[in-house]
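The values are calculated or read from the model by the stated rules, or taken from the named source; none is laboratory data. This is a predicted model, so every value here is computed, not measured. Heads up, the Cβs are rebuilt from the backbone with ideal geometry, glycines too, and the neighbour counts pull from every protein chain shown. Note: areas computed on protein heavy atoms with side chains; ligands, DNA, RNA excluded. Shrake-Rupley method; radii C 1.70, N 1.55, O 1.52, S 1.80 Å.
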Amino acid sequence: MSHAAARGNPLAYSFSAVGVSFAVLDVTGSTADLSYVLAAQMIPSVPFMLFGGVAADRFKPQLVIVLGNLLIALGEGAFGILTLAHAANVPSMIGLELVTGTGILLFWPASTALLPKIVPSEELQAANALSRLVMNGATMGGMAFAGLTVAAVGPGWALAICGVGMLGTVPLLSSRQAQANERPEQHEADLWRELREGWQEFVKHAWVWGTVIEYLIANACWYGGLLVLGPVIAKAHPGGPAAWGWLNAAFSVGLILGGTVALRWMPERPMLWVTTLAIPLGVACWAVGALWPFWLILLTWLVTGIATEFLVVVWNVSPARFIRPDRLARVSAYDGLGSTLAMPLGALAAGPLAAHLGVAGAEYAAGAVTVGAAVLTLLLKEVWTMRLSDAPDWGAAEAAPTYALARD
């Protein structure tokens, strides 16, 4: 659903988020090359995200996450070593980000399936909020520290730290006791049947596919407008990498505050909130493009972080409550595929759009499209009428009931 969902070790992720962009800009100085490298991280999601969902439903999800983290460690660690050795070039950077992207796509659906297996359903909201509070606390400090590290000693060290940090998650994840779903023996090798079952569950719920389409658009604009063009703007103005690190740190503080809200409150109409809370992402694009005063951009990113974290927790809880448990990872894979499908295109389009419209014009366009996508999604009836109190009790259900939509 959200860009914030695709994280393994959050401290390591912080160093990657800052390090990759400035490593590319230091080596080539090209906005177009940065577009290609960041797009490469998302390209594996298109052909392989669905298979990650099948793997997470078929095998122990924690082991799928371990494999994903090892791939991220390999991709970012090798990127850092090549940067430190002054041996990095565009083809090698693209290749290593393909490795990193493959690790991310394995992590995403498996992480969605893991938590419902290790906590009771009545504690799922609190567990989601608490786990993300811990991750976001590490990210908050990590983003600021990563920006200072890049400014002080260069992006190569930041990426090397990312690689080591991802390796540090392996022992803890390997110790988890979640089991794989029990599946009929005759279905074990029927990959296409499993993908079809996941698709049928996905399209059955308009609140699922509608919000996924919305965030397909919003994430493309966020990825191109902020992850690609944001560092370009930061590098061209006072503050550079350090300022970019502080902006991401402000976003992470917002994530912590949003998680704190989600820990205490869950809205009765969750999809109404999930849909509306994409709007601050568009405002963040406008703030950067218009070069608002730095304190105001910080405040905007803080609010955007609050909105993003709250919507992510609400989204994580909703499918876990409404979607059949044995199909949850596959539905999450379709969610992940839909939410990230346009992100490589957003990254690739950012450079040409900035050349045609100017960097500020491209940011304004990204913000307008994001807000427009949210408004259009609000026209779907299920977004307004789906109520959390209508969720089925999967622990007591023997079949796969559907939930009833409220009529008022």
Karplus-derived 3J(HN,Hα), 6.51/-1.76/1.60, for each residue of the range 304-317, Hz, glycine and proline x: 4, x, 4, 4, 5, 5, 4, 5, 5, 5, 4, 5, 4, 6
Accessible area of Lys60 in the full protein assembly, 1.4 Å probe (Å², nearest 10): 80 Å²
Heavy-atom surface of the range 230-300, accessible at 1.4 Å and reported per residue (Å²): 40 Å²
Area accessible to solvent at His237, 1.4 Å probe radius, in Å²: 80 Å²
Simple label model, 7 Å out from Cα along Cβ direction - Leu299 to Ala87, nm: 5.0 nm
Chain lengthening between Arg269 and Lys381 when straightened (0.36 nm per residue, less Cα-Cα): 39.1 nm
Accessible area of Ile256 in the full protein assembly, 1.4 Å probe (Å², nearest 10): 40 Å²
HN-Hα J in Hz across the range 373-383 - Karplus 6.51, -1.76, 1.60, θ = phi - 60°, x for Gly and Pro: 5, 5, 4, 5, 5, 5, 6, 6, 4, 5, 4
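Taking a 1.4 Å probe, which of Ser332, Ser92 shows the most accessible area, and what order do the others take after it?
Details: Ser332 10, Ser92 30 Å².
Solvent-accessible surface, decreasing: Ser92, Ser332.
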Probe 1.4 Å, all protein chains present, accessible-area order of Asp26, Asp33, largest first: Asp26, Asp33
For the range 286-395, convex hull volume per residue from C-alpha positions, Å³: 122 Å³
Neighbour net charge for Pro155 - beta-carbon separation under 15 angstrom, K R +1, D E -1: -3
Gained length - Gln200 relative to Leu345, 0.36 nm times residue gap less alpha-carbon distance: 49.5 nm
Radius 12 Å from Cβ of Glu97, net charge of other residues (Lys, Arg +1; Asp, Glu -1): -2
